[in-house]
Structures are given as structure tokens and as C-alpha cells.
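The values are calculated or read from the model by the stated rules, or taken from the named source; none is laboratory data. All of these numbers come straight from a predicted model, not from anything done at the bench. For accessibility, only protein heavy atoms count, side chains too; no ligands or nucleic acids. Shrake-Rupley method; radii C 1.70, N 1.55, O 1.52, S 1.80 Å.
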Amino acid sequence: MDAEQIEKFKAEETDIYAAPDDYAEWDAFSLYDDLLEAGDTAWADRTLQIIEDRADGASTFESICEKLQERKETERLFVAAKKGEALAEDTSDYTSLANIISKEDKDWALKLYEKAEELAEGFSDLNSIGDALFE
């Protein structure tokens, strides 16, 4: 990574994390991806940790889990998934998390699908769970 690229990433990071109220989660994920592509895994990891520290919903942890799964970091994936599970509020949250976890731990995924089923509010929710289980 050259000096110009480093400065660009620093400026992006400053903009993203300037103030908690101005936090742009998806911009932070984009920066994470760009840092990985540039080969700076350590900086990307710090960025992902900041995203995790600021996360306030299950969907953010689902995205974090997907990033960790891409990197085959199963242990970190499970830690993030536990945090996401604690924040899950509805069928969609549990189903999405289960879909990610199913590739790593089928028993845990089934428990998440069961929680999703318990919260199902109608046919659409049950259909989503069924589709996920079929896959």
C-alpha cells in the first residue's frame, strides 16, 4: 500500500468515525473491504472491531459474521454470532443468523431456526424459515 492510499484510507476513517451521531456503518464495512483488498489485514481487523463495538442490532452482527466467514475465522465468527443472537428481536434476525451459522454449526443453527419459528407471525415468516431449512 502506498502513501497516497494510506492517506485516502485515513481520511475515510476520519469521516466515518468523526462523531457517534455521524457514524456510517456501511461506509465502515466498505473501508474494511478496501483495506483487505489493499492487503492491510491488521487495519481491516481494527475497523471491523470498531464496527462491532458500535453495533446496536442483530443485522450488524450478521454482516460481521459474513465478513468473518469469508475469512474462515470461525472462532471470531462464533463470538460475533453470540452477540448477534443476544440482540435478535424477530424471525428475520434469527433466520438470517441461522443461515450464516448453518455452514459452521448445524446444531446451533437449528436452535436459531426454532427461535425464529417461535417468533413467527404468519405464513410469510414460516415460509422464510422453511426455505432456509430447505437450502
I'd like the residue in segment 29-58 that is open to solvent by less than 50 Å² (accessible area, probe 1.4 Å) and not in a helix (DSSP H, G or I) and, out of all such residues, is nearest to Asp2 (Cα to Cα). Asp40
Say whether the condition of being assigned to a loop (DSSP other than H, G, I, E, B) and modelled with pLDDT of 90 or more is met by at least one residue in segment 107-120. no
Can you say whether Glu66 is assigned to a helix (DSSP H, G or I), farther than 23 Å from Ala11 by Cα and over 11 Å from the mean Cα position of the chain (by Cα), as far as the supplied structure shows? no
